[in-house]
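Here is the structure we will look at, set down as structure tokens.
Taken together, the values in this text are just the output of simple stated rules run on the coordinates, not laboratory data. All figures in this text were calculated on a predicted structure; none of them were measured in a lab. Quick reminder, even Gly has a Cβ in these numbers, built from the backbone with ideal geometry, and neighbours come from all protein chains shown.
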Amino acid sequence: MINVIRGTTPKLEFTIPFDTGQLAEAYITISQKGGIVIDKPLSEIICDGNVMSLHLTQEETLKLKADSIAEIQIRVRTNSGEALASNIIQVSTERILKDGEI
């Protein structure tokens, strides 16, 4: 399981089984305790070959609850109209000693 530390700016990378040039629409969604915390559209996702990546800001990671599990899912619609969703990925969210942005 990967970790996301609150108050940091991690880069998340995901490999999908086809070229990202086939994407018409996409979202990378992060939720905790049943609620959406971060929802990134295709316009905010970096696509290169079959890799989708995004950088989270300090502000975004500070929205995550410490010492908890977050869930990440990718949903896409291809140029041909096919709608797909990834399995849900669980990540551990770690606390920081001094809260807030630096």
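Quick notes on this one:
- Theoretical FRET efficiency, 1/(1+(r/R0)^6), r = Cβ-Cβ of Gln22 and Asn87, R0 25 Å, to 0.05: 0.80
- Here r is the Cβ-Cβ distance between Ile96 and Leu42 and R0 is 35 Å; the resulting FRET efficiency, rounded to 0.05, is 0.70.
- Take the chain and mark each of the GluC sites (Glu not before Pro) that is in a DSSP loop with at most 12 other Cβ atoms within 10 Å; the longest unmarked stretch, sites excluded, is 1-81.
- Per-q log10 I(q)/I(0), the chain, q = 0.11, 0.17, 0.19, 0.21 Å⁻¹ (Debye; single scatterer per alpha-carbon; no solvent): -0.34, -0.76, -0.91, -1.07
- Whole-Hz Karplus values for segment 40-49 come out as 9, x, 3, 5, 10, 9, 8, 10, 8, x Hz, taken residue by residue from phi with 6.51 cos²θ - 1.76 cosθ + 1.60 and θ = phi - 60°; glycine and proline positions read x.
- Net lengthening on full extension, Thr9/Ser68 (0.36 nm per residue, minus Cα-Cα): 19.4 nm
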